[in-house]
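The values are calculated or read from the model by the stated rules, or taken from the named source; none is laboratory data. All values reported here derive from a predicted model rather than from experimental measurement. Because the Cβ atoms are built from the backbone with ideal geometry, glycine has one as well, and the counts that use them run over all protein chains shown. Each accessible area value is taken on the protein alone, full model and side chains, heavy atoms only, with ligands, DNA and RNA left out. Shrake-Rupley method; radii C 1.70, N 1.55, O 1.52, S 1.80 Å.
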Amino acid sequence: MPSVRCNNCGLVVQVPADGRRLCGCGNWLSGEEPAIEPIILDDDGQERWPKIEGDLSSIERLNNGYRRIRKEMSKAIVGQERVLEELLIAVFSRGHCLLVGVPGLAKTLMIRTLADSLSLSFSRIQFTPDLMPTDITGTEVLQEDKTTGQRLFKFLHGPIFANVVLADEINRTPPKTQAALLEAMQERQVTIGGSKHRLPDPFFVLATQNPIEQEGTYPLPEAQQDRFMFNILVDYPEEEEEFRIVEMTTANHQPQLERVLSATDILEMQDIVRKVPVAPYVIRYAMKFTRLTRKEKGTVPDFVRDYVTWGAGPRASQFLILAAKARAVLHGRFYVSSEDVRSVAIPVLRHRIITNFNAEAEGIKPEDIIKRLIELIPRDPNEKTEGKGVKV
């Protein structure tokens, strides 16, 4: 079969002479396109193709940094491979994360270990019912200049002025205090007394939440949940992983973590993620996940109409593409495929789909809706989706 270079991502794909094949970036290649000749570089006859144009050295550097961070975090965190990958995808995508899990699953330790493996400032805020917004953002105090005798207001920075902010048990404080994070998460600044104060860059809010104890708590409003790029479910460890956790934590074990990346490195890698090209088909593929959850707009599957009250907004489509870009780069690719979108669909959409009473009565969760959408939405752009009814 002739080999054809994709004009979108530069990947070389073997295509039947009289047919076509889907490239990993979502672009369809035809066998009628002119084939390229391979370049044989090694002595064993292995074919080597010309390098893909683009910042491949940056991709390799980011991929190497990702592996080094995972190696350092594995010194203190056992297992939770999926959680760690999703956490790092959010970091390189310039997003915030909400970690949900029962007590004792090392959510706080995971975030602290991530901060320790990076040369970033870290701050922990323990959310309690009596916490006030100024306890997070900071406040202005009146101070007297001993030299001139003048009294001036001076702004004292709160704990939110850090690169990595751990919002521990975020649902245990009233909405008034929770709302103090809204401007910081979206605009990356806080406004006190009419003055704007920029937050350090990079800036991440990594919040934790306990899903089993809701008495006396204040569930996050949908508007604030939407600010989080990922809703990451931290599950129980496997048997062997739990054995290693018990063995490690009951001995005199103090892991020594090395700082892998600096703030400048993180900013450069975030810029690399933004530069990753995305084929129009992949963007439309991601949009289908969000648009098919809105029963007020167009034709949607039967299970969405039966179980969903509110669907995902445009921010979900943006985060799907950003997360897919980051995942592609972390796996050493300079293009985004439909598989990248499917891999990040659940953590992006889990907290953006609001189910109704029928779903609660039948035990249908947002994850079930997303999994059905993954099965329903075709990978072939020529196949139609709308109008299909699927039972959950």
## Note on the structure
For the range 122-142, the count of residues that are open to solvent by 30 Å² or more (accessible area, probe 1.4 Å) and of a type in the set (S, T, N, Q) equals 4
### Message
What's the total number of residues in the range 326-338 that are open to solvent by 30 Å² or more (accessible area, probe 1.4 Å) and at pLDDT 90 or above?
### Response
1
### Task
Among the residues of the range 229-258, write down those that are closer than 21 Å to A316 by Cβ and either of a type outside the set (A, V, I, L, M, F, W, C) or in contact with a Phe, Trp or Tyr (Cβ under 9 Å, 6 or more places away or on another chain) (or both).
M229, F230, N231
### Query
If a residue has to be open to solvent by 100 Å² or more (accessible area, probe 1.4 Å) and in contact (Cβ under 8 Å) with a residue 24 or more places away in the chain to count, how many in the range 216-262 make the cut?
7
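Per-residue answers, yes or no, for (1) among the β-branched types (V, I, T); (2) modelled with pLDDT under 85:
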| site | (1), (2) |
| --- | --- |
| P200 | no, no |
| F204 | no, no |
| E213 | no, yes |
| R227 | no, no |
| V234 | yes, no |
| Q256 | no, yes |
| D271 | no, no |
| V278 | yes, no |
| M287 | no, no |
### Task
Evaluate the range 150-169: report whether one residue or more is surrounded by fewer than 12 Cβ atoms within 10 Å (Cβ to Cβ), at pLDDT 85 or above and farther than 30 Å from E72 by Cα.
no
#### Entry: the range 263-289, subset among the β-branched types (V, I, T) and open to solvent by 20 Å² or more (accessible area, probe 1.4 Å), residue farthest from the chain's Cα centre (by Cα)
T264
#### Entry: Whichever residue in the range 56-107 is in contact with a strand residue (DSSP E or B) (Cβ under 6 Å, 6 or more places away or on another chain) and open to solvent by 10 Å² or more (accessible area, probe 1.4 Å) and, among such residues, is nearest to L267 (Cα to Cα)
E86
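Residues in the range 188-215 that are among the charged types (D, E, K, R), in contact with a Leu (Cβ under 9 Å, 6 or more places away or on another chain) and either open to solvent by 60 Å² or more (accessible area, probe 1.4 Å) or under 19 Å from P129 (Cα atoms) (or both): how many?
1
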